[in-house]
Amino acid sequence: MRKYFLLLFVLAVSLEFAQGVDWIKGHYTKKEYSIVMRDGVKLFTSVYSPADSSKEYPILMVRTPYTVSPYGADKYPPQLGPSEEFTRDEFIFVFQDVRGKFMSEGEYDNMRAYIPVKKNKETDESTDTYDTIDWLVKNLKHNNGNVGIWGISYPGFYAAMSLMESHPALKAVSPQAPISDWFIGDDMHHNGALTLSMSFDFFKTFDQPRDSLTTSWKQGPQYASPDMYNFFLNLGPLSNADKKYFHGNLKFWEEMIKHGSYDGFWKSRCNLPYFNDVKPAVLIVGGWYDSEDLYGPLHIYNSIVGNNRRTNTHLVMGPWSHGGWARSDGDSFGDFKFGGNTSEYYNKNILLPFFNFYLKGEGTSELPAAITFRTGENKCFNYDKWPPADTVKKSVYISRGKKLSWNTDGTESFDEYLSDPSKPVPYTSKFHDSQQMYWRTYMNEDQRFASSRPDVLAYESDPLESDLIVSGPIIADLFVSTSGTDADWIVKVIDVFPDDEKNPDPNPNSIELGGYQRLIRFEMMRGKFRNSCEKPEPFTPGQVTEVKINLNDIDHKFLKGHKIMVQVQSSFFPFFDRNPQKFVDIYRATEDDFQKAFNRVYYSARYPSHIELNTLK
């Protein structure tokens, strides 16, 4: 995450945009401040104001744990706003190191909890944002009294937190890829399963303690870096991460392994219950291929819309990876092209007009409730609500002969596979460096590498007789059993191309589209959390048990002649850590706890394993 944010604000902008440091120096004046919060802690803040002092300008702010570099009143970045158009359109740009990071005082707390009822001078991200805005509008010359906040990923979290008890001057907020819950669905866990490669790579640097205020990153542990799959397989149990690499230096990693279930530590860091008095206009942005924070944008949007009688909140979901709308042109992802520069369209026609209207009173506020890019069709669609109102639920059932059908199978039976933690199913066919967080384009990768494995069940429909549009959440409802006392269940929904599909021309990735199994959506459920992430339960060996998994939303068209495929497996490595398949605290598991297990998926009228789709009429 750190590397991707720095790419977003330093490397990518210098390649993509033509303004550069010299242009910004000639058109903006920089000043640095230490703004005092209500408890006396000072937060370092960089301010870039337009050189033309004949007008008043709105303030557009980012609060970040990833550094407001470059430091120094004479040092300028190659870009200021979310895109080139913002810099030329003129705002007062504000960047702030959040509490406890880099040049800001205080102690840093990951996913710092919101305090609904504050005593004395208690602070949280809501108060830090409020106090900052209050100082800015009172002290910055030539501001028009209107403030906007935006941010991507962790800065998206800080943008979202500004919506709670917001300052009256805060008029527009755009949380982009915002974090909402680090145990259920964002970044570090999915339904209690640790995102191993991502968490390891992120915290080894981000969680390094600082000795004093600093302008630079502290180096994480250095080690030989073979391919990711074998590096994490050789790591062994999770407890070895600290023994071999972290050595007790990572405070949050230590806290995380103490809290292996959804207890108060994690619940307090979930912001979803608190979006109940939202006053600013909100534009939430996410990517269908965001492997880090897909859960956050969708669930924060639902929380705001569901908890406010009146709200001016909009959702944008595009064909992007994490922050891809600012880091790439968005014309392709993996093996698939989308027919145009989706990022440029979004920045020019959605994001900039949003802030211009609410901060400057320019243009129009006529944005639909939701704007989504429909994959498979490669078009944007506007909706009055999300999910769309005119959808109907349609279930596709697992059946004998490894088939999917639109009706339950009358024959009671099951399919079985041997899940071996020493040979986990890889999440991608690519071998890549262990010091990457993950292989970014796996989220629409060809799944034929997985369907050929004996520990992956693959169910396929007949060719579709007409187009099928799925818009909204997908729910997997499985009836399963295991010979162990715990098991992971990963479900993938896949678009299978006809055997006679022509290859693209040109074909730079040398792909074979005939029979291509395009991943559309997947999700993981750590089995012991199937009924409650707060109170884990073992499986009774051999007993049929229902497991439901919310795969999150999509907007995708399965074309006529294509097939729907569902794959079921029990490992997705090393994106997720390995389950010992024994009911234990996995953070403290030993090598002896890991065991092979026979896992089954059942199908019949009594055990109707199926995938529930929201299909557009």
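The values are calculated or read from the model by the stated rules, or taken from the named source; none is laboratory data. Computed from a predicted structure; not experimentally measured. Positions of Cβ are generated from backbone atoms using ideal geometry, with glycine treated the same way; all protein chains shown enter the neighbour counts.
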Failed criterion for S510 (all others in (1) surrounded by fewer than 20 Cβ atoms within 10 Å (Cβ to Cβ); (2) farther than 30 Å from C380 by Cβ hold): (2)
Residues satisfying the stated conditions in region 408-431, i.e. charged (D, E, K, R) and over 31 Å from the mean Cα position of the chain (by Cα): D409, E412, D415, E416
Residue match in region 151-168 (condition: within 29 Å of F572 (Cα to Cα) and hydrophobic (A, V, I, L, M, F, W, C)): yes
Number of the condition not met by M161 [criteria: (1) in contact with an Asp or Glu (Cβ under 8 Å, 6 or more places away or on another chain); (2) within 28 Å of Q222 (Cβ to Cβ)]: (2)
Any hit, region 508-527, residues being of a type in the set (S, T, Y), at pLDDT 95 or above, under 25 Å from D409 (Cα atoms) and in the same structural domain as R606 (by TED's automatic domain parsing): no
Sole exception among (1) touching a strand residue (DSSP E or B) at 6+ places or on another chain (Cβ under 8 Å); (2) more than 30 Å from N503 (Cα to Cα); (3) touching a residue at least 24 places away in the same chain (Cβ under 8 Å) for T342, by number: (2)
Count of residues meeting criterion [farther than 17 Å from R606 by Cα and either more than 29 Å from the chain's Cα centre (by Cα) or surrounded by 16 or more Cβ atoms within 10 Å (Cβ to Cβ) (or both)] in region 391-407: 4
Any hit, region 109-127, residues being within 22 Å of S34 (Cα to Cα), of a type in the set (V, I, T) and touching a residue at least 60 places away in the same chain (Cβ under 8 Å): yes
Among (1) more than 25 Å from S399 (Cβ to Cβ); (2) touching a residue at least 60 places away in the same chain (Cβ under 8 Å) - the single one P508 does not satisfy: (2)
Flag for G306 being more than 30 Å from F583 (Cβ to Cβ), over 19 Å from the mean Cα position of the chain (by Cα) and not aromatic (F, W, Y): yes
Elements of type strands (runs of 3 or more DSSP E) in region 275-377, at least 3 residues being of a type in the set (G, A, S) and buried (at least 22 other Cβ atoms within 10 Å of the Cβ): 281-287
Neighbours by Cβ (under 6 Å, 6+ apart or cross-chain): first from region 432-443, of a type in the set (D, E, K, R); second surrounded by 21 or more Cβ atoms within 10 Å (Cβ to Cβ): R440/S321
Residue match in region 247-261 (condition: of a type outside the set (V, I, T), farther than 30 Å from S422 by Cβ, surrounded by fewer than 20 Cβ atoms within 10 Å (Cβ to Cβ) and outside the structural domain of N349 (by TED's automatic domain parsing)): yes
